[in-house]
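Below is one structure, written out as structure tokens; comments come after it.
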Amino acid sequence: MKGIYLLLGSNLGNRRQALVEAKNHIKSKIGAIIRSSSVYQTKAWGINDQPDFLNQVVEIESDLEAREILSKIHEIESIMGRERTEKWGTRLIDIDILYYGQKVIASENLAIPHPENQNRKFVLVPMCELASELVHPVLGLPQKELLKQCTDALDVMILEKTQ
């Protein structure tokens, strides 16, 4: 299946290397990366007193179901040394499923599309770079419109432009 979008984020250690390593794990454990957004730097969301994040959105193609992808993501985060200690806390790597095609999944452990997509510029800016016309399957609006309506005040600064 195409049209699976993941958000990668890191605010500890060598943040750029963490994004590269995460993409390598995604390729080997989940599926092919079709496209990657530029790398963006943003202040931390939720808990402000921590290092800035580097974020990047990747579009992947995979034969795995959404729950299997989530399981593989947790495996990758664990391999890379992520420790889940505090909500919105610092992390070596964070990988979120933003969209799984146009599917809507709402369960105790998995919500797709990610319930905060429309509220976070650090998601919407790279999503608009890759798929500005992609319609949110619940809200019925394209990414570019969600970005216009977003009230998130955090700056999203392009750090490394994708070729």
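The values are calculated or read from the model by the stated rules, or taken from the named source; none is laboratory data. Just so it is clear, the structure is predicted and the values come from calculations on it, not from any experiment. Here the Cβ positions follow ideal geometry from the backbone for every residue, glycine too, while neighbour counts run over all protein chains shown.
Restricted to the range 146-163, and to residues that are polar (S, T, N, Q) and either surrounded by 13 or more Cβ atoms within 10 Å (Cβ to Cβ) or modelled with pLDDT under 95 (or both), which residue is nearest to Asp49 (Cα to Cα)?
Only one residue fits best here, namely Thr162.
Condition first: in contact with a helix residue (DSSP H, G or I) (Cβ under 9 Å, 6 or more places away or on another chain), outside any helix (DSSP H, G or I) and either at pLDDT below 95 or closer than 18 Å to Leu6 by Cβ (or both). Now tell me which residues in the range 108-140 satisfy that.
Selection gives Asn109, Leu110, Ile112, His114, Glu116, Ser132, Leu134, His136.
For Arg84, state whether it is modelled with pLDDT under 95 and exposed (fewer than 13 other Cβ atoms within 10 Å of the Cβ).
yes
Those residues that are charged (D, E, K, R) and in contact (Cβ under 8 Å) with a residue 24 or more places away in the chain, I need them from the range 101-117; list them, please.
If the condition is that a residue be charged (D, E, K, R) and in contact (Cβ under 8 Å) with a residue 24 or more places away in the chain, then Lys103 is the only one that fits.
Kindly indicate whether Ala18 is modelled with pLDDT of 95 or more, surrounded by fewer than 19 Cβ atoms within 10 Å (Cβ to Cβ), in contact with a Ser or Thr (Cβ under 8 Å, 6 or more places away or on another chain) and not polar (S, T, N, Q).
So Ala18 fails the test.
Among the listed residues Ile47, Ile73, Ile95, which satisfies the condition of being closer than 18 Å to Val123 by Cα, touching an Asp or Glu at 6+ places or on another chain (Cβ under 9 Å), loosely packed, with under 13 Cβ neighbours inside 10 Å and of a type outside the set (S, T, N, Q)?
Exactly one residue qualifies, and that residue is Ile47.
Gln143: more than 13 Å from the chain's Cα centre (by Cα) and either at pLDDT 95 or above or among the aromatic types (Phe, Trp, Tyr) (or both), yes or no?
yes
Among the numbered criteria (1) surrounded by fewer than 21 Cβ atoms within 10 Å (Cβ to Cβ); (2) in contact with a Leu (Cβ under 9 Å, 6 or more places away or on another chain); (3) under 25 Å from Gln102 (Cβ atoms), which one does Glu68 miss?
Condition not satisfied by Glu68: (2).
Going through Lys72, Lys23, Lys103, Lys27 one at a time, which residue ends up being modelled with pLDDT of 95 or more, touching a helix residue (DSSP H, G or I) at 6+ places or on another chain (Cβ under 6 Å) and either among the basic types (Lys, Arg) or not in a loop (DSSP other than H, G, I, E, B) (or both)?
Sole residue among the options that is modelled with pLDDT of 95 or more, touching a helix residue (DSSP H, G or I) at 6+ places or on another chain (Cβ under 6 Å) and either among the basic types (Lys, Arg) or not in a loop (DSSP other than H, G, I, E, B) (or both): Lys72.
Any residue in the range 138-163 that is over 13 Å from Lys121 (Cβ atoms) and touching a residue at least 40 places away in the same chain (Cβ under 8 Å) sitting within a Cβ distance under 6 Å of a residue that is hydrophobic (A, V, I, L, M, F, W, C) and not in a loop (DSSP other than H, G, I, E, B)? List the pairs, counting only those 6 or more apart or interchain.
Leu159/Val39; Glu160/Val39
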